[in-house]
């Protein structure tokens with residue numbers, strides 16, 4: 001996969017992450033224990049966030065973007081993680097002060113459209129903790145369909161947790177529900 005393309009969708013711009021200008025905003029996500037509770041890792045220091053994002057950026061088959069609005073201020077991160085030919089997983093985090101405005105739904109739609117139309121994906125999916133009700137609603141509003149419930153799918157510090165699998169496959173259209 002080449003350089004991360006800039007995507008524009010529904011009032012958002014998704015661009016390559018630039019840690020020199022995005023790190024502080026992304027740290028409000030990755031440094032917050034409440035925001036990290038579903039990511040299977042504890043809150044990260046700023047140095048750990050920088051190292052983690054740098055590592056993710058080095059994966060040529062798994063693009064990640066900073067989510068911005070009209071002001072080009074980072075308000076989140078979205079990624080497509082390669083799993084196998086034609087299949088990628090979408091992951092998203094939105095800064096606490098930007099939640100509740102449909103940003104996550106619109107960013108999910110942008111990368112899903114890109115995945116289907118530009119990358120030729122047959123499947124884009126999300127693996128969601130069943131307790132993450134806001135995330136479930138967001139993916140449903142984005143037009144994803146629930147496919148399954150995997151029991152004891154992830155090992156965490158507090159034991160095994162389940163996963164709900166949501167997907168956008170052939171024929172998917174962006175959700176039109178309000179944020």
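Compute the semi-axes of the equivalent ellipsoid of the chain, taking the square root of 5 times each eigenvalue of the Cα gyration tensor, and list them largest first in whole Å.
Calculated on Cα positions only, the semi-axes equal 22, 21, 16 Å.
In the stretch 72-123, how does Rg compare with the Kirkwood Rh, expressed as the Rg/Rh ratio over alpha carbon atoms?
Ratio of gyration radius to Kirkwood radius: 1.03.
Per the helix-only calculation at 222 nm, which mean residue ellipticity applies to the chain, given -39500 (n - 2.57) for every DSSP H run of n ≥ 4 and division by its residues, nearest 500 deg cm²/dmol?
Helices in the chain give a 222 nm mean residue ellipticity of -8500 deg cm²/dmol.
Quick one: compute the contact order of the chain, relative version, from alpha carbon pairs under 8 angstrom and 6+ residues apart, as a percent.
Answer for the chain is 18 percent.
Each value in this text was obtained by applying a stated rule to the coordinates, not by laboratory testing. Note that the coordinates shown come from a computational prediction; the quantities given were computed from them, not determined experimentally.
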